[in-house]
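Notes follow the structure.
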Amino acid sequence: MLSQKTRYAIRALQHLADHYAQGPVPLTEIAEKQNIPSKFLTVILSELSREGLVATQRGRDGGYWLALSPIDISYGDIVRLTRGSLALVPCASRFAHEQCKNCLPEEECRLHRVMLRVRDEMAGVLDSISLAEQFPT
């Protein structure tokens, strides 16, 4: 399940993608249009800025914009940055692998093998879709 933080990050980045190359977008506009609490949005955009996805300018004419082209930001990138992993269980994570608590050894666990396939399929899909793609509403 996606966390609220991840869903807010996706919506904020989609909003910035819709305004790509149009200059800074005020935080208040993003928060209002995407129904995201301003304080939470500030934290999310700060994290995305540190990761190089978002750039910011302070001041009266300031705001946020994508630091990369929308085609260069995949949904997989966003989920990994905000959630840490695409895996549904810790033992299926590529970059944050952990042994599951109260489980069988991984070589005996059939759920582990299923979750590896799920993670790989999900990564394939999310990494193949960028912010540049538009879906009909």
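Helices in the chain that qualify as membrane-span-like (whole DSSP H runs, Cα extent of at least 20 Å along the helix axis, mean Kyte-Doolittle hydropathy of -1.0 or higher) are 4-18, 110-128. Sorted on the mean count of surrounding Cβ atoms within 10 Å across their residues, most packed first, peptides 67-80, 87-100 read 67-80, 87-100.
Taken over the stretch 4-66, the convex hull of the Cα atoms encloses 73 Å³ per residue.
Annotation: peptides 17-23, 113-119, ranked by per-residue average of other Cβ atoms within 10 Å with the highest first, follow the order 113-119, 17-23.
We did not get these values from a lab; they are worked out from the coordinates using the rules stated. Model, not experiment: these values are computed from the prediction. Note that each Cβ is placed from the backbone with ideal geometry, even for glycine, and that neighbours are counted across all protein chains shown.
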